[in-house]
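Quick note: the coordinates plus some simple rules give every number you see, no bench work behind them. A quick note: this is a predicted structure, and the numbers were derived from the prediction, not measured. As a convention, Cβ positions derive from the backbone with ideal geometry for all residues, glycine included, and neighbour counts pool all protein chains shown.
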Amino acid sequence: MCVCAALIRMAAAQERVALVVGNSAYEHIGQLRNPKNDAADLSEKLKGLGFEVFGGTDLDRRALVQALIQFGRAAEKADVALFFYAGHGLQVNGQNYLVPVDALVEFESEIDLSLVSLSGVMQQLDRGSRTNIVFLDACRDNPFSKQLARSMNRAAVSLNKGLGRIQSGSGTFIAFATQPDAVAGDGTGRNSPFTAALLDNIATPGQSISDVMIEVRNEVIATTNGTQVPWDSSSLTGRFAFSPGSAPAPTEAAPASATIEKDAYDQAVEVGSCGAYEAFQRRYPDSFYAELAKERAVTACEAPSQSIYESLALNVPATRAIEKTGDCDSGPFDVDYCASSVLPPIKSNHYSPGMMFDGTRETAWVEGDKADGVGETLTLHFGRERTLAGFEIVNGYDKDQRTWTNNSRVKMLEATADNSPHMSIELRDVRGPSRVDFNPPLKTSYLALQISEIYPGAKYKDTAISELYPIFSD
């Protein structure tokens with residue numbers, strides 16, 4: 001009686017709505033065993049937690065769209081809106097899609113007609129509810145990958161595993177069954193590993209949603225022997241618990257400086273490169289996170305590298321130091337970054353050389369050439385002669401898969417330095433950090449990198465570089 005009374009009081013205080021969908025019986029692609037069970041079991045659990053539940057199992061596109069419309073209208077008046085989906089999901093060019101049971105996609109132009117975009121779901125969540133929650137147990141292989149790979153222009157379209165990151169507004173909590181761009185298992189029991197863990201923990205009295213996800217994550221890691229790690233992203237502005245109970249005692253707020261250091265460390269981890277960790281250590285040598293960054297740097301700095309001597313032209317005359325020209329910004333390690341051109345700001349987005357050492361892939365230097373940037377130059381001035389072992393680069397505008405694909409990336413760089421031969425460097429067309437080693441290291445006061453060839457963007461000619469860090473051995 002006490003629990004029921006508490007739930008009634010909670011429901012009266014908060015209007016909660018949920019759209020729960022589990023698709024198993026696919027008509028044209030491989031069927032899945034667990035999603036219908038996952039949706040049915042979670043629906044019952046949510047009803048007991050004061051939610052009005054919409055949706056169902058094995059929904060075709062028409063039924064799924066109708067459920068979304070009904071749910072969106074209910075969300076306008078709700079305090080809390082929750083969306084759960086289990087079934088096939090996929091991403092194309094960084095866009096996530098849910099797969100109705102009647103979906104059949106053989107060509108790129110059919111994607112928006114046959115599937116339901118996750119961005120459309122997010123629009124329904126944003127219609128009025130103050131707290132929005134998304135659980136996605138759909139991180140499986142793309143069921144249409146073979147058909148689409150045959151029919152699409154591979155240079156312009158990217159087909160990734162699992163689901164990609166989701167952009168959301170304030171007041172939203174998003175949880176994936178596993179990391180973005182990774183694949184989750186369907187499980188061997190009645191429920192998937194992720195949903196089984198969610199069912200075990202969601203009703204814990206007084207447990208915040210963040211604490212629930214910690215328990216879910218640990219349970220899934222244990223169940224899958226570490227092969228699947230649930231991931232979440234939160235922009236909630238207040239504490240939310242599914243079940244009533246005593247809230248944990250408030251803790252003393254961390255000093256502002258500690259928060260800044262943690263944010264900087266998280267950005268270094270996001271970039272994951274040797275240069276990013278070294279930059280953090282230089283900027284925050286006394287930080288609690290400095291030792292952690294040092295340990296991570298050991299692994300990152302030993303990452304497989306790309307030797308520039310595979311394409312070194314030794315017969316080109318040596319060069320001498322050059323003056324600073326173009327747009328210049330002062331970066332880490334007492335290095336000045338100069339660019340021969342910069343794309344003018346667009347709204348609040350800036351593309352100066354400083355974007356290459358801010359520790360995040362969310363920003364990038366973008367050249368300002370009217371063509372594709374071939375011939376544009378980046379020059380790193382060290383202020384004195386240094387021993388340059390190489391550099392790390394995050395090629396392209398690596399904000400997300402779609403942005404990276406749409407913009408051009410560097411394919412070939414022509415490198416010059418003090419008293420050193422001309423060097424031609426070919427970069428692989430991959431996201432994330434890459435390392436280029438000079439063997440032996442160069443004694444130089446600068447490094448000039450001129451773009452000589454690019455990987456064309458699917459939509460824009462602009463060529464971008466997200467991060468660039470010199471690696472010194474002195």
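Structural remarks
- FRET efficiency for LYS443 and LEU104, using Cβ-Cβ distance with R0 set to 60 Å, rounded to 0.05: 0.45
- Fewest-first sequence of SER420, SER466, SER170 by Cβ atoms within 10 Å of each Cβ: SER170, SER420, SER466
- When you restrict to C-alpha pairs under 8 Å that are six or more residues apart and normalise by the size of region 328-474, the relative contact order lands at 32 percent.
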